[in-house]
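Nothing in this text is a laboratory measurement; each read-out follows from the coordinates by a stated rule. All figures in this text were calculated on a predicted structure; none of them were measured in a lab. Glycine also receives a Cβ, built like all others from the backbone with ideal geometry; neighbour counts cover every protein chain displayed.
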Amino acid sequence: MKAWQWLAPKTLGLVDLPRPVPQKHEALIRVEAVGVCGSDIHYFLDGAIGENRLTSPVVLGHEYAGIVEEVGADGDQALVGRRVAVEPGIPCRRCEWCVKGRYNLCTSLFFPGGPGSDGAVCEYIAVDHEFCFPVPDSISAGTAAMVEPAAVAVHTAALAKIRPGDTAAVFGLGVIGLLTARMLQICGVARVFCVDVLPYRVAAAERYGLNEVFCSQPGSLKEGGASALDWIREKTEGRCCDVTFDCTNSAEGMGLACGAARRGGRAVLTGISGNEMDPLPVSIARRRELCLQWCRRFVHNYPVTIEYILSGALDVDSLITHVFSFEEAQQAFALTSAYGDEVLKASIEW
Ligand SMILES: [Zn+2]
Ligand SMILES: [Zn+2]
């Protein structure tokens, strides 16, 4: 089968790989759509996310959907022929964290599209049938692939422990930031202050129905980012926000999320800077007795995420700004990494 492999920073190659054979509990998926994620871009550009380094060619991509072609003997045969959104991380089900239900923290999680684990920018992938979630025919493959980033936003909102009437700030208005802001509205947050450094993303947020938006100067709390905090302080009469979100891909995001949180508030850290170490404004965090909550992907929420999309509450379609064919996969990565042509989500579909 054809597959796009990461070969070196900024270089993918179209190669022939053996078509996977599904094990007894696996479904064989004919991949129809893969979304390009910010985490893919760290691998594409740098070959690494923190200490996770690509040392040999690997197929990227973990936001995917497709048609189930066949299912192994122990799998659910009713899946055959169905379009499924695939939850990409496959846990061991035996370690302490799996047994306790927090399988996103599994000590031996298989996650496609990273070091040693081929991802989905290929024709076929075999995956545990229990992680295949059928979607109705009304949902396109591109939309079904968007369940993955949407599930991150649903989990992010869940970790925020929101109460009706809360105020929130979201830093970073890429797909995860926009979906998170929308989830906050769904969860009853009264005001969502949205910040990005790219004017086109601020404009996209407004079109997405977020009406309190600000285009910040780049930089940390003490640099350009201070302009965003001034704006939030002014909007909240100095109080700052009950809960704040770092959905950026930069080292500054965590600091801004801390700076915008009220006394006793909570900052949820979902963004991935790609660094092994990032600075935190520890004296602000301590004096305000902040609760910092990191987010690790998602857990137990694909069905509810699909419901939010089906009901229209969570609009994912308008975030797909670019569609590329399988042959054009490398362009999808290049465009996303360059923030070209006002891209939000680039979807590879075939
Ligand atoms: Zn992703
Ligand atoms: Zn486990």
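From the square roots a ≥ b ≥ c of the eigenvalues of the alpha-carbon gyration tensor of the range 136-183, which class results: rounded (a/c under 1.5), prolate (a/b over b/c), or oblate?
Details: a/c = 2.83, a/b = 1.98, b/c = 1.43.
In terms of gyration-tensor shape, prolate.
Taking the three principal axes of the alpha carbon atoms in the range 154-294, the coordinate ranges are 35, 30, 30 Å, sorted in descending order. Approximating the spin labels as points 7 Å out from Cα along Cα→Cβ, the ASP137-to-ALA338 distance works out to 4.0 nm.
If the segment from SER283 to THR55 were pulled out straight at 0.36 nm per residue, it would be longer than the present Cα-Cα gap by 78.2 nm. 3J(HN,Hα) along the range 29-44: 9, 8, 5, 10, 8, 9, x, 8, 9, x, 5, 4, 5, 4, 5, 4 Hz, from the Karplus curve 6.51 cos²θ - 1.76 cosθ + 1.60 with θ = phi - 60°, whole Hz, x for Gly and Pro. Would you mind pulling out the separation of the Cα centroids of the range 174-232 and the range 65-142, in Å? Cα centres, the range 174-232 to the range 65-142: 32 Å. Summary of packing: across the peptides 62-68, 328-334, 272-278, 186-192, the per-residue average of other C-beta atoms within 10 Å ranks them, highest first, as 62-68, 328-334, 186-192, 272-278. Computed on the chain, with alpha-carbon pairs under 8 angstrom and 6+ residues apart, the relative contact order is 17 percent.
Taking a point 7 Å from the Cα of LYS2 along the Cα-to-Cβ direction, the residues of the range 29-51 with backbone N closer than 20 Å to it are 29-36. Comparing VAL152, VAL282, VAL202 in a Gaussian network model of the chain (Cα springs below 10 Å), the most mobile by mean-square fluctuation is VAL282.
Shown for THR236, THR11: other C-beta atoms within 10 Å of each C-beta, ranked fewest to most, produce the order THR11, THR236. Distance between the 7 Å Cα→Cβ label points at SER325 and LEU198: 2.6 nm. Neighbour counts of other Cβ atoms within 10 Å put CYS92, CYS295 in the fewest-to-most order CYS92, CYS295.
Taking every lysine pair in the chain that is 8 or more places apart or spans two chains, those with Cα atoms closer than 29 Å amount to 10. Remark: relative contact order (the range 154-294) = 22 percent; criterion is Cα-Cα distance under 8 angstrom and separation of 6 or more residues. With the simple model of a label 7 Å out from the Cα in the direction of the Cβ, LEU45 to ASN275 spans 1.4 nm.
Sorting the Cα pairs of the chain by distance into bins of 10 Å, from 0 upward, gives 6, 25, 34, 24, 9, 2, 0 percent per bin.
Taking 0.36 nm per intervening residue step and subtracting the Cα-Cα distance, what contour gain separates VAL80 from VAL99 on full extension?
Details: separation 19, 0.36 × 19 = 6.84 nm, distance 2.91 nm.
Length difference between fully extended and current span is 3.9 nm.
Sorting 79-85, 46-52 by their mean Cβ neighbour count within 10 Å, with the most densely packed peptide first, gives 79-85, 46-52. Computed about its Cα centre, the charge dipole of the chain is approximately 1360 debye, with only Lys, Arg, Asp and Glu carrying charge at their Cβ.
Work out, step by step, the length gained on full extension between ILE186 and LYS10: first 0.36 nm times the residue separation, then minus their alpha carbon distance; give nm to one decimal.
On the way: separation 176, 0.36 × 176 = 63.36 nm, distance 3.79 nm.
My answer for the length gained is 59.6 nm.
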